Amino acid sequence: MRKMRTSRNLWWLSACLLAVSIVLLPACSDDDPDPVEQTGKLRITFHHHLDGAPLVVDQMIYENEAGNPYLVTELQYFISDVVLHHENGTDVPVKEWEVMHYVDNDIPSTMVWDVYDPLPTGDYESISFVFGIKQEKNITLMFPNPPERDMFWPVFLGGGYHYLKMNGKWKRPDEYVASFDFHLGIGQIYASNVIVVDSITGYVDNAPTLDIPNSGFTITAGQVTDFDLVMNIENWWRSPHVLDLDVIGAYTMQNQEVMQKMRENAHDVFSVGTTKGTER
């Protein structure tokens, strides 16, 4: 009788162990899904400063590197092809949002850009982007509605859209207050020194790629990292080229020599402020 009870107990124990093994087996399966990648978001806020303080429009209170007294009435531009440079050496292009972003000092909603992409968490060493729109992407009529539509660049000058419009006024040496259009976009190559449309032989992509110094930040899971990007307007005028409105004149369009200098001066126009995280 004892042997029979012992056999039954052993059988019951074996059955229990088998059942437990079957329950636990899926947890050890090679078919387990990969862990979900941790991501966060990025919000870029644009600021426009002049001489270290927020831009004040329509007031003749500024003087550029060449000594021109001037004021700014409008400031509008595009940035595109944003790339985030991770500390592990990988580049993360921001691609699942609009291809380019329009910024207008008169339209507050354009001054904040919520990046759509979920971004891998971790430390990023820097950010880079194209100021303006590269020529192969700068397609005429791709913006059917204002305000972007009103940035159009004339088709006969290469088409597409302005990279930058900074309009304003300056006081000439004769005390006359004249208007200026400090515009950057596609340049033209002319067959002669006479600037006429019929003599255009080619076009120049003047959109620079800017690597922003000291622009590291951290993406934290479940948070939005706020990134402050500052345009320092005074730098458009001074390095490496001092741009004198009395010399370059009121209009920069169709003047590739001046636009090339503007492109080169763009190298230090942008800097960053502080970054901080907020809950999504």
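Every number here is computed from the coordinates shown, using simple stated rules; none is lab data. As the structure is a prediction and not an experimental result, all values here were calculated from the model. Note that we place each Cβ from the backbone using ideal geometry, even for glycine, and neighbour counts take in every protein chain shown.
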Legend entry - Gained length - residue 109 relative to residue 73, 0.36 nm times residue gap less alpha-carbon distance: 11.1 nm
Inset, instruction - Please give the peptides 115-121, 141-147 ranked by average Cβ packing (other Cβ atoms within 10 Å per residue), highest first, as a rough proxy for protection. - result: 115-121, 141-147
Inset, instruction - State the extension gain, in nm to one decimal, for the chain segment bounded by residue 157 and residue 145, taking 0.36 nm per residue of separation less the distance between their alpha-carbons. - result: 2.2 nm
Legend entry - Per-q log10 I(q)/I(0), segment 40-279, q = 0.09, 0.12, 0.17, 0.18 Å⁻¹ (Debye; single scatterer per alpha-carbon; no solvent): -0.41, -0.71, -1.32, -1.43
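Rank-order 227-240, 200-213 by packing density, defined as the average count of other C-beta atoms within 10 Å over each peptide's residues, highest first.
Order by mean packing, descending: 227-240, 200-213.
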Legend entry - Per residue Cα convex hull volume in Å³ - calculated over segment 125-165: 91 Å³
